[in-house]
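The values are calculated or read from the model by the stated rules, or taken from the named source; none is laboratory data. These figures come from a predicted structure and were not determined experimentally. Quick reminder, even Gly has a Cβ in these numbers, built from the backbone with ideal geometry, and neighbours come from all protein chains shown.
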Amino acid sequence: MYDLFVIGAGPGGYTAALLAAKKGLRVGIAEGSNLGGTCTNTGCIPTKTYIESINLFNKIKNASRFGISSDKPILDLASLNKRKTRIVSRLVKGIDHLLGNAGVDVFSCRAEVLDTGKVRLGEVVLPTHNLIIASGSRPKVPALFDVPGVWTSDTLFDITELPVSLTIVGGGVIGMEMAHIFSTLGTKVTVIEAMARILPFEDPDVSEFLKKNSRTVKICTSSRVTDITGEGPYSIAFETPAGKEELVSEKILVCIGRAPVVPPGLEPSVIRMGSSGGIHTDHFMQTSLPGVYAIGDVTGEHMYAYVAGREAEIAIDHITGGSREINYRNIPSIIFTSPEIASVGKSLDELDSLETRHGIFPVSALGRARTMEANDGFAHVVCLADGKMARVTIIGPHATELISIASLAIEHRLTAEDFTALYHPHPTLSELLKEAAEDVLGLSVHKP
């Protein structure tokens, strides 16, 4: 009898298993694919591995700006793929090592839920006092795109040859990161986005900035694909505000979101589902079934690895007698384009009806950024009438690292005065946030 059995060994699942083991529970975990889930194997890690390489490639191409002479660099897809495989393999082995050292029983197979206290693994039935569902998600592929050879983010990094042309359907986070990767690799990229702008959940000025900065990418917004013919190259027909258009593309990548993967035995007639198609949970990550919890993408809500990890903490706390509740305030958004984009806090739409003060500081006016030959981007700080920081947006080098500082400030309800009272070392990129906060107060002496 297990104290806890976990279905799915992605960021949420393996974190839950390790935390439970640390608290003395007997734990089992089942994973039908590779340990680490989507994030480690086909999502976050492979994507950022490629992006890190192409960003270095771009730096080497511009080495003369740093006073360095270099031969023409060559970016080799096979070598990139080999590097990605090495990094992913090392991380997967690391997770396996952590689970083994913690005494967690790992089952390399898919699991079926028989009832609230039993799971089936092939021919074996295992009893458990508690069950956590962390079975993740898969890319959404509407019937229109269910044609041979169409890529998704789950299959993308298996390729061995670069396409001459690529059409990306979906201009959200994944779509724009992929546009950055493939356009840098030399592929002719077109992005087709149904919404009025790319990155529709970021600030409008962020969307506009990235669109202007993506000079080698053709971006079609308020546009919908209506027909696809061929098996590669494809003829793609789509509607735009100007009328019907058609293009020929060697490959198609569909990036229009992900759908929860619910294990067998937990059909809607058995367990309560949420409006997004995932498993409904309460503030303790409990489902409608006693002793059954759900975390991560399978809930269909906040599909981030770092949110899944937090949900794992809450579920294990409740299983072991605690009363912590999940808090979805101030979840940072990060996008690894060039330059990077990050934001946290209430949306501008949510703040629209409130009295607010704004501060903006350009990357080009920051000394540290100049030493990096970085000129594109800005920081935008929004404060409420009482001075408390309510939203921060950053476009610029290492924005994805800087956003945690802003997240901490907003979560702890710091005012712009509080934030600027801290010492921000010079010259550093963190001064970008300080200057924007000072601009809220009308005190930014370095703003052009």
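Taking the stretch 395-448 as the region of interest, none of the helices (runs of 4 or more DSSP H) fully inside it holds 2 or more residues being among the small types (Gly, Ala, Ser) and loosely packed, with under 15 Cβ neighbours inside 10 Å. For the criterion of being under 30 Å from residue 372 (Cβ atoms), within 23 Å of the chain's Cα centre (by Cα) and surrounded by 13 or more Cβ atoms within 10 Å (Cβ to Cβ), residue 132 fails. Against the test of being out of contact with any Leu (no Cβ under 6 Å at 6 or more places or on another chain), free of Cβ contacts under 8 Å to residues at least 40 places away in the same chain and among the acidic types (Asp, Glu), the options 325, 355, 313 yield a single qualifying residue, 355.
Is there a residue being closer than 20 Å to residue 340 by Cα and aliphatic (A, V, I, L, M) anywhere in the stretch 227-242?
Within the stretch 227-242, not a single residue is closer than 20 Å to residue 340 by Cα and aliphatic (A, V, I, L, M).
Please pick out the residue among 173, 164, 147, 104 that is β-branched (Val, Ile, Thr) and in the same structural domain as residue 281 (by TED's automatic domain parsing). Residue meeting the stated conditions: 104. For the stretch 59-79, the set of residues classified as touching a helix residue (DSSP H, G or I) at 6+ places or on another chain (Cβ under 6 Å) and either in contact (Cβ under 8 Å) with a residue 40 or more places away in the chain or small (Gly, Ala, Ser) (or both) consists of 70, 75, listed by residue number. Within the option set 350, 325, 301, being acidic (Asp, Glu), outside the structural domain of residue 49 (by TED's automatic domain parsing) and assigned to a loop (DSSP other than H, G, I, E, B) holds for one residue only, 325. Of the residues in the stretch 369-379, at least one is assigned to a strand (DSSP E or B) and either touching a helix residue (DSSP H, G or I) at 6+ places or on another chain (Cβ under 9 Å) or outside the structural domain of residue 411 (by TED's automatic domain parsing) (or both).
If you filter the stretch 217-229 down to residues that are closer than 18 Å to residue 166 by Cβ and either surrounded by fewer than 13 Cβ atoms within 10 Å (Cβ to Cβ) or among the charged types (D, E, K, R) (or both), you find that the one that is modelled with the lowest pLDDT is 229. Just wondering, is there one or more residues in the stretch 147-159 that are assigned to a loop (DSSP other than H, G, I, E, B), within 22 Å of the chain's Cα centre (by Cα), surrounded by fewer than 19 Cβ atoms within 10 Å (Cβ to Cβ) and of a type outside the set (Ser, Thr, Tyr)? Checked against the condition, which is being assigned to a loop (DSSP other than H, G, I, E, B), within 22 Å of the chain's Cα centre (by Cα), surrounded by fewer than 19 Cβ atoms within 10 Å (Cβ to Cβ) and of a type outside the set (Ser, Thr, Tyr), the stretch 147-159 yields at least one hit. A search for C-beta distances below 7 Å between a residue of the stretch 393-415 that is free of Cβ contacts under 8 Å to residues at least 12 places away in the same chain and of a type in the set (Phe, Trp, Tyr) and any residue that is surrounded by fewer than 23 Cβ atoms within 10 Å (Cβ to Cβ) and assigned to a strand (DSSP E or B), counting only pairs 6+ apart in sequence or on different chains, returns nothing.
Residue-level check: of (1) modelled with pLDDT of 95 or more; (2) over 25 Å from the mean Cα position of the chain (by Cα), residue 76 misses just (1). Scanning the stretch 19-40 for residues being at negative phi and in contact with a helix residue (DSSP H, G or I) (Cβ under 6 Å, 6 or more places away or on another chain) gives a total of 8.
Would you confirm whether any residue within the stretch 294-305 is closer than 28 Å to residue 430 by Cβ and in contact with a helix residue (DSSP H, G or I) (Cβ under 8 Å, 6 or more places away or on another chain)?
So in the stretch 294-305, the residues closer than 28 Å to residue 430 by Cβ come out as 302, 304-305.
Adding the requirement that they be in contact with a helix residue (DSSP H, G or I) (Cβ under 8 Å, 6 or more places away or on another chain) leaves 305.
Yes, because at least one residue in the stretch 294-305 is closer than 28 Å to residue 430 by Cβ and in contact with a helix residue (DSSP H, G or I) (Cβ under 8 Å, 6 or more places away or on another chain).
Within the set 212, 218, the sole residue that is basic (Lys, Arg) and over 24 Å from residue 139 (Cβ atoms) turns out to be 212. So the check is Cβ under 6 Å with 6+ separation or different chains; which pairs have a first residue in the stretch 233-250 that's assigned by TED's automatic domain parsing to the domain that holds residue 151 and a second one that's aromatic (Phe, Trp, Tyr)? The qualifying pairs are 245/238; 249/234. Quick check on my filter: what residues within the stretch 270-303 are surrounded by fewer than 23 Cβ atoms within 10 Å (Cβ to Cβ) and among the aromatic types (Phe, Trp, Tyr)? Residue satisfying the conditions is 284 alone.
Kindly indicate whether residue 411 is within 28 Å of residue 373 (Cα to Cα) and modelled with pLDDT of 95 or more. Answer is no for this residue.
List the residue pairs whose Cβ atoms are under 6 Å apart, where the first residue sits in the stretch 189-211 and is assigned by TED's automatic domain parsing to the domain that holds residue 245 and outside any helix (DSSP H, G or I), the second is surrounded by fewer than 17 Cβ atoms within 10 Å (Cβ to Cβ) and among the hydroxyl-bearing types (Ser, Thr, Tyr), and the two are 6 or more positions apart or on different chains. So the pair list comes out as 196/222. State yes or no: is residue 338 in contact (Cβ under 8 Å) with a residue 60 or more places away in the chain, in a loop (DSSP other than H, G, I, E, B) and over 20 Å from residue 21 (Cβ atoms)? Here the answer is yes, as residue 338 does meet what is asked.
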